[in-house]
Amino acid sequence: MNDNDAVADRFEEFADRLEATGVEYKPQSYRRAAENVRAHPESVGSLVDDGKEAVQGIEGVGDALAAKIVEYVETSEIEELEELRDELPVEMAALTRVEGVGPKTVGTLYEELGVEDLDDLEAAAREGRIQGIDGFGTKTEENILSGIDFARQAGERSLLGDARPLGEELRHYIGESEAVADAELAGSLRRWRETIGDVDLLVASDEPETVVERFTDWDDRDEIIEAGSSKASIRSEGMRIDLRVVVPEEFGSALQYFSGSRDHNIGFRNRAIEQGLKVNEYGVFDVSRVDDIEADQRVGERVAGDTEEGMYDAVGLPWIPPELREDGGELAAAADGDLPDLLAEEDVRGDLHVHSEWSDGDDTIGEMVTTAAEFGHEYLAITDHASGPGIVADMGLDDAALESQREAIESAAENADIEVLAGVEANIEADGGLSVGESVLEELDVVVASPHSGLDGDGTERIVSAIEQPHVDIIGHPTGRYLNRRTGLELDFERIAEAAAEHGVALEVNANPRRLDLSGGAVRTAIEAGATIVIDTDAHQPANYDLLQYGVHTARRGWAETGDVLNARDDDGLREFLD
């Protein structure tokens, strides 16, 4: 794990532990600092080499936090955090993955029942001890018990946003070796699934032992799990990484095979069998004149395998993008010539959901606009949080503040190189109403309505009611889920998609890899219902614009084409939709 991520993780733990003990205000400072440290382009290690003043150049890092960063870089621990761990000896990350269990609840459960981990929590819930705590009840206890299995499973999988950068870093490192002819990520990571079990790396080389040696010598590995002549496994940043080295002429077949999914590969293999062909990780083989096709993996005449495109061509299909390989009808669509022309990252022209320092963002409106232009966007909407449930105190804007901000946005737009729209992220209340007055909403260019509280149970009617509000343009992160932390609202996506299509409201794919909400499956449901989707980063600082890739590939998993996406339209097309 690099120093920036390690420090950010510890600051987030600081925030949770302080909140668990009833400390106010400081937790938010730690969380904002964590986000800024994680996104900072320079290593905190190199900043420490330049002195504490250089560390304080990170947004939101003052003298006290800078001292903690220096302490961690120099000693690999922070003494104050160790003291907090001793005071509250709980598995904070695991416990807070349970739906409805936040840091304050963890503190209460420890104080009242001595709960330290998921096993303790499950035992307390099953024995009915939680409902006896003041402020808790039978329903709370039932909800906690039902969320424990999810919390355990979530702890076994890594977020795409953590695994993908690690995999790409390793792929680049391996690719620098002269012994490597090609290297690609495989498995669920190549299909851009939202959570990942293991990182799979496939390498083409005639010198497998050289590649294995380089792999196990990687500076960022934490441990070597196993190493053979052409396979090896290491652990880094808590993730298992598996390497497989194949000869270059079998790289295409191995890439197709190890990218999966399992069900896609079964369908692919069955199609090959119907044509007298055998498919496996070594290639496509003509076995029409072979008596025992199981005699050898490479039995028969090899007709493809050098490239992945050749594998699909050998069975009469065009190449199928990895994001579609989930046994969702992609093989039939390929056979019929009906594969979608998937959206690409460069097709997205702007971002319609970002935050500035007016609410909980880190930068000014001007800085967010300037860096959006540098990123390549043609337009940007500033959509700071309105006040309401689920928004940190003093971080949301009331109607008067939104009026003032609209004027500031319009002023910034006068000197901008791109189109700048004034907007808001309004809260969807329990009854589907919005937390912003109608007179304010009608003056704004973009209204994003999002759920931020009460994020459990069936929320379908709540979201549909918000869609039916006359000034709503976009439903932001519709379920409110936080991957590996909370499942969010249960939604009937068909009903929501139909309502969105009817009322001309776009459904958001929130590109933050902790959300990816809508999911790929929900995107496909929306598109099939004729609804428009929009891919936003929910950026709170300029570095977050890079998260766009996760939203685009999630939309691709939902078979999204350019015409399905609101912010793939030019400015005229965008404004026509918003009007």
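The values are calculated or read from the model by the stated rules, or taken from the named source; none is laboratory data. These figures come from a predicted structure and were not determined experimentally. Note that we place each Cβ from the backbone using ideal geometry, even for glycine, and neighbour counts take in every protein chain shown.
Values for this structure:
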item: Ala373 vs. criteria touching a helix residue (DSSP H, G or I) at 6+ places or on another chain (Cβ under 6 Å) and either in the same structural domain as Leu352 (by TED's automatic domain parsing) or touching a residue at least 40 places away in the same chain (Cβ under 8 Å) (or both); result: no
item: Subset of the range 362-416 (residues that are among the hydroxyl-bearing types (Ser, Thr, Tyr), in contact with a Gly (Cβ under 9 Å, 6 or more places away or on another chain) and closer than 23 Å to Tyr545 by Cβ); result: Tyr379, Thr383
item: Residue in the range 335-346 that is charged (D, E, K, R) and within 20 Å of Ala511 (Cβ to Cβ) present; result: yes
item: Any chance Leu342 is aliphatic (A, V, I, L, M), under 30 Å from Glu274 (Cβ atoms) and in contact with a strand residue (DSSP E or B) (Cβ under 8 Å, 6 or more places away or on another chain); result: yes
item: Residues (in a loop (DSSP other than H, G, I, E, B) and surrounded by 14 or more Cβ atoms within 10 Å (Cβ to Cβ)) located in the range 217-233; result: Trp218, Asp220, Arg221, Ser230
item: Criterion (among the aliphatic types (A, V, I, L, M), surrounded by 15 or more Cβ atoms within 10 Å (Cβ to Cβ) and in contact (Cβ under 8 Å) with a residue 40 or more places away in the chain) met by exactly one of Val48, Val61, Val55, Val7; result: Val7
item: Members of the range 135-170 found to be surrounded by 15 or more Cβ atoms within 10 Å (Cβ to Cβ), over 22 Å from Ala6 (Cβ atoms) and among the basic types (Lys, Arg), listed by number; result: Arg152
item: When residues of the range 216-251 are limited to those that are small (Gly, Ala, Ser) and either closer than 30 Å to Ala6 by Cβ or not assigned by TED's automatic domain parsing to the domain that holds Glu184 (or both), the one modelled with the lowest pLDDT; result: Gly238
item: Members of the range 374-421 that are among the hydrophobic types (A, V, I, L, M, F, W, C) and out of contact with any Leu (no Cβ under 9 Å at 6 or more places or on another chain); result: Ile391, Val392, Ala393, Met395, Leu397, Ala400, Ala401, Ala408, Ala412
item: Evaluation of Arg214 against (1) outside any loop (DSSP other than H, G, I, E, B); (2) more than 20 Å from Asn265 (Cβ to Cβ); (3) in contact with a Lys or Arg (Cβ under 9 Å, 6 or more places away or on another chain) (one fails), failing number; result: (3)
item: Residues that are polar (S, T, N, Q) and closer than 16 Å to Ala526 by Cβ, drawn from the range 451-492; result: Thr460, Thr479
item: Failed item, numbered, when Arg97 is tested on (1) over 23 Å from the mean Cα position of the chain (by Cα); (2) assigned to a loop (DSSP other than H, G, I, E, B); (3) touching a residue at least 40 places away in the same chain (Cβ under 8 Å); result: (1)
item: Residue within the range 234-254 that is in a helix (DSSP H, G or I) and of a type in the set (A, V, I, L, M) present; result: yes
item: Conditions (1) outside any helix (DSSP H, G or I); (2) out of contact with any His (no Cβ under 7 Å at 6 or more places or on another chain); number of the one not met by Glu508; result: (2)
item: Pairs with Cβ under 7 Å, 6+ apart, first in the range 278-301 and assigned by TED's automatic domain parsing to the domain that holds Phe258 and farther than 22 Å from Gly252 by Cα, second surrounded by fewer than 16 Cβ atoms within 10 Å (Cβ to Cβ) and at pLDDT 85 or above; result: Ser288/Gly276
item: Extreme residue, surrounded by the most Cβ atoms within 10 Å (Cβ to Cβ), among residues of the range 557-579 that are charged (D, E, K, R) and closer than 20 Å to Ala529 by Cα; result: Arg557
item: Subset tally (residues that are of a type in the set (Lys, Arg) and in a helix (DSSP H, G or I)) for the range 511-531; result: 1
item: Inter-residue pairs, beta-carbon under 7 Å, first under 23 Å from Gln28 (Cα atoms) and β-branched (Val, Ile, Thr) and in the range 104-117, second modelled with pLDDT under 95 and in a helix (DSSP H, G or I), 6+ apart; result: Val106/Ala20; Val106/Met92; Val106/Leu95
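For (1) touching a Lys or Arg at 6+ places or on another chain (Cβ under 9 Å); (2) among the polar types (S, T, N, Q); (3) part of a loop (DSSP other than H, G, I, E, B), each residue gets a yes or a no:
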site: Leu18; (1), (2), (3): yes, no, no
site: Pro27; (1), (2), (3): yes, no, no
site: Glu35; (1), (2), (3): no, no, no
site: Gly57; (1), (2), (3): no, no, yes
site: Ala64; (1), (2), (3): no, no, no
site: Glu80; (1), (2), (3): yes, no, no
site: Thr105; (1), (2), (3): no, yes, no
